Amino acid sequence: MLHLVDAPSGRPVAPVMHRSVVRIGVPVRLPGGGGTLSDVRAMLTADVLTRVLELAGTIAYTGLICPDGSDERREALQARAAELGMHPAAAHGDEHGTAQELGGPFAVRVVDTHQAANETDEAGDVIRIAVGDTHTVERATERSDDPLSLRLALLTQPRTEPFHLTPHAVSAAHHTLLRWRHAVATWADSPSRPMPGPARDSIRDCLEDDLDVPGVLRTLHRLEHSGDAPAGALFETFAYVDRVLGLDLVRDVGRGPAPPRPLT
């Protein structure tokens, strides 16, 4: 069962899975540029949570809490989120109006780590999940040929830790995407096999343990290089996990011969 750590209290809680609908609130800052990278990371956290809930058969909606942001800035942030493969927000506005538009109170609220430290433990039924600040050097986020490289780079860091994004991190993520897409397209030509038990259990445990996506990525790297699993099992594993990661790993399947394996 999915357990999320409520940041102010530090307690793992699991009340969201029994709900038919989970509403997730994401406060965003919307400065002049249309959104900070910290906003993007907060929205990415909500997107991953939405995908995990949907795999379990739970409907999830995200609302952007941005009472002071202009429509132009909000639309710029939404466009950036769409480039990174995120579910579109279903509502936006101040906290009360956004919850009302979604049809009920928030079950989960994304907060930055500084805000979480200043909140009290008393928050009713709302789980507050923390996301660390994210900063970047100039041009680190420019990967117009594949914006999902930025998505993968952001997913590699533990969610609650601050992250200083560098061009090297985005470039490394881009090469990983090329390698995995090439491998998945190659594995797809083999007979299907069940996901390897240890990898399946590790992926499940990571996702249920406060959305430990870096742990999922480590499992995929180990599985890729283990040499133990048949190609059909590797394909099923990577294709299944991509429903959470959102990296379009099956993009090249069925497009003819796989392109040359990229250099590592």
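So, counting K/R as plus one and D/E as minus one, what does the shell of residues with Cβ under 13 Å around residue 249 add up to? Counting the neighbours of residue 249, the net charge comes to -1. Placing unit charges on the Cβ atoms only, positive for Lys and Arg and negative for Asp and Glu, gives segment 68-115 a dipole magnitude near 180 debye about its Cα centre.
Applying 1/(1 + (r/R0)^6) with R0 = 30 Å to the Cβ-Cβ distance of residue 82 and residue 209 gives a FRET efficiency near 0.55. Determine, from the Cβ-Cβ distance of residue 164 and residue 56 and an R0 of 35 Å, the FRET efficiency 1/(1 + (r/R0)^6), rounded to the nearest 0.05. That pair, residue 164 with residue 56, gives E of 0.55. A helix-only calculation puts the chain at -14000 deg cm²/dmol for mean residue ellipticity at 222 nm, using -39500 (n - 2.57) for each DSSP H run of at least four residues, averaged over all residues.
Relative contact order of the chain: 20 percent, from C-alpha pairs under 8 Å at least 6 residues apart in sequence. Where [x] 21.0; [y] 19.2; [z] 18.2 are the candidate values, the label of the one calculated here for Kirkwood radius over Cα pairs in Å is [y].
Distance between the modelled labels on residue 133 and residue 250, one decimal in nanometres: 4.1 nm (7 Å Cα→Cβ projection). Comparing 156, 3, 46 along the charge dipole axis of the chain, the residue lying farthest to the positive side is 156, per the Cβ-charge model. For segment 171-245, a crude dipole built from +1 on the beta carbon of Lys and Arg and -1 on the beta carbon of Asp and Glu, taken about the Cα centre, is about 280 debye to the nearest 20. Among beta bridges identified by DSSP and lying wholly in the chain, the antiparallel ones come to about 10 percent. If the chain linking residue 222 and residue 72 were pulled fully straight, counting 0.36 nm for each residue of separation and taking away their Cα-Cα distance, it would gain 49.7 nm.
Work out the length of the dipole vector of the chain about its Cα centre, built from +1 on the beta-carbon of each Lys and Arg and -1 on the beta-carbon of each Asp and Glu, and round it to the nearest 20 debye.
Roughly 780 debye for the chain.
Values quoted throughout were computed directly from the atomic coordinates according to the rules given, and no laboratory measurement underlies them. Since the model is a prediction, treat every value here as computed from it, not as a measurement. We place every Cβ from the backbone using ideal geometry, glycine too, and count neighbours over all the protein chains shown.
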